[in-house]
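The values are calculated or read from the model by the stated rules, or taken from the named source; none is laboratory data. All of these numbers come straight from a predicted model, not from anything done at the bench. Heads up: the accessible areas ignore ligands, DNA and RNA and are worked out on the full protein's heavy atoms, side chains in. Shrake-Rupley method; radii C 1.70, N 1.55, O 1.52, S 1.80 Å.
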Amino acid sequence: MPLFAIDKKNTLESVEQTNFDSERILQRLVEANLGSLFQCRFVASEFPTGVQHGGRIDSLALSEDNNPVIIEYKKVPSSELVTQSLYYLAWIHDHRGDFEVAARKVLGPKLDVDWDDVRVICLAPSYKKFDIHAVEVMGASIELWTYRLFSNQTLYIEEIQQKEILGSEVEASTAAKNPIMVAAGKKAALSRKTGIYTFDGHLKDKPESIRAIVLAAQEFIMALDTAIEETPKKFYVAYRTTQNIVCMEAQQKKVYLFLKLDPKKVSKEAGYIRDVSNIGHYGTGDVEVTLTSVSDLERAKPLIQQAYKAVGG
């Protein structure tokens with residue numbers, strides 16, 4: 001889809017698409033804006049994987065959920081991007097200590113890394129159909145993102161392939177002809193399965209009234225945008241695009257929503273809305289909304305929509 005600029009005469013002018021002069025320029029731009037793009041904290045650039053493995057991970061980061069993040073870049077379509085990403089995903093699970101040392105050196109010695117999930121972000125202008133199919137079948141935690149750079153210095157990024165958790169179909173792909181991808185894909189899929197949490201797990205043993213609230217909230221949030229991804233964690237369920245929009249924590253008598261909003265711009269209401277920017281809690285988001293009934297959710301919907309828009313939805 002072309003990009004148009006509106007001039008003073010209300011005329012549309014097509015904006016020419018261009019590209020970065022090098023992958024390194026793209027990499028530096030992303031690393032300098034990890035918070036805005038993916039709500040991540042920078043850990044390392046060109047991280048070496050050792051003499052035996054002989055590689056360098058383009059960017060290492062830590063997500064807002066304290067999960068390790070690997071980012072790989074290409075300024076042209078290339079199957080090597082997916083291959084490298086699978087390889088590095090397997091590598092980082094075998095070298096957790098190396099990552100934790102690097103992360104604590106930058107982000108503080110008390111940092112607690114959550115290994116239940118590892119994000120791998122591939123960023124390229126486009127992908128070949130074989131790459132997309134390989135990621136789908138291998139079931140690895142790979143996110144395929146495309147970017148477009150325009151001559152007016154506008155950058156557009158979009159996720160085209162949300163990560164899938166399949167595991168059992170690792171060997172059923174055209175990409176299985178590549179032994180490196182097969183081995184890395186198997187290890188990545190197994191690693192994902194050992195630490196996975198499910199949405200249904202958060203409903204287990206909850207009263208019917210709480211289940212009704214959770215299911216209604218899920219339906220509303222997921223309907224906001226097809227790009228929203230549901231990510232169950234140990235203590236909460238996160239809903240995100242490039243970053244978390246809302247985190248939902250289901251308890252026995254109430255449901256908490258933690259929204260990515262500025263508490264100063266939200267009216268507080270005793271027993272319903274609270275500023276938790278300086279209060280420890282599971283998940284991310286500085287505005288806490290307490291739900292005890294489905295009718296409470298109706299009151300919360302405008303705030304959820306506001307949070308969705310605030311993160312760029």
Whole-Å distance linking the alpha carbon centroid of the range 238-313 with that of the range 1-36 is 32
Over all Cα pairs of the range 195-313, the Kirkwood radius sets Rh, and Rg/Rh then becomes 0.92
The Rg/Rh figure for the range 13-125, Cα atoms and Kirkwood Rh, to two decimals is 1.00
The range 228-313 accessible area per residue, 1.4 Å probe, protein heavy atoms, integer Å², reads 46
Inverse of <1/r> over all distinct C-alpha pairs of the range 66-156, i.e. the Kirkwood Rh in Å, gives 14.6
For the range 22-33, in residue order, the Karplus 3J(HN,Hα) values (coefficients 6.51, -1.76, 1.60; θ = phi - 60°; whole Hz; Gly and Pro = x) are 8, 5, 5, 5, 4, 4, 4, 5, 5, 4, 6, 10
